[in-house]
Structure formats: structure tokens, C-alpha cells
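Comments concern the structure below.
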Amino acid sequence: MVRELHDVLAHSISVINVRAGVGPALLDVDPEQARTALTTIKSAGKEALGEVRQVLENLRTPGDAPRPRTRPADRAGARGHGPGRHRTHP
């Protein structure tokens, strides 16, 4: 299972990295290709998260209560970095 998780993450992060590298260069030259790169990044990230969740579900001990799902904005707000909250950097 750990190997499977590694493979999923390595592939998805590689796709995201390649597309993120060419996306900015295409903005002025070929906006449609830049849009395609961003769409691919979004899809790869979503797919990777789904597969990670699936692997983690398989690792969960039978009888464990499922964890409530929260939106990313909810999690960010819980850490104090959501809308209306300012984070200072040194």
C-alpha cells in the first residue's frame, strides 16, 4: 500500500510540475494551451487526492469512525489562515 501511495503521488506531482512549468510561458504566446495546462494541473491534483483518500481508507482499522470531511477553506480557517485572517511573515 505504501508503494502504491508513493507511485500515485510521484506520478501526479510530476504531471503537475511539468504543466506548471510550461503554463506561465504559454500565457502570452498561447493562452488556450496555458488554460489546458491549468486544467491538467487541476485534474491531476484532484485525481491524486482521491487516490490518496482511497489508500488511507484501506489502511483504516475496521470499526474506526469515519472522519468528517471539511472543505479546504474550513481547514484553513481552523488554522487561522482563512478569509479575514492575516498571516504575517518575518
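Taking 0.36 nm per residue of sequence separation and subtracting the Cα-Cα distance, how much length would be gained by fully extending the chain between ARG35 and LEU59, in nm to one decimal?
Details: separation 24, 0.36 × 24 = 8.64 nm, distance 3.64 nm.
My answer for the length gained is 5.0 nm.
Set the Förster radius R0 to 41 Å, insert the Cβ-Cβ distance between LEU27 and VAL2 as r into 1/(1 + (r/R0)^6), and round the FRET efficiency to 0.05. The partial results should precede the final answer.
Details: r = 38 Å, r/R0 = 0.93.
Efficiency at R0 = 41 Å is approximately 0.60.
Given 0.36 nm per residue, what is the gain on full extension from SER14 to LEU49 after removing their alpha carbon distance, in nm? Show your work: numbers first, answer last.
Details: separation 35, 0.36 × 35 = 12.60 nm, distance 1.43 nm.
That pair, SER14 and LEU49, stretches by 11.2 nm at full extension.
Since every read-out is calculated from the coordinates, none of them should be taken as a lab result. A quick note: this is a predicted structure, and the numbers were derived from the prediction, not measured. Positions of Cβ are generated from backbone atoms using ideal geometry, with glycine treated the same way; all protein chains shown enter the neighbour counts.
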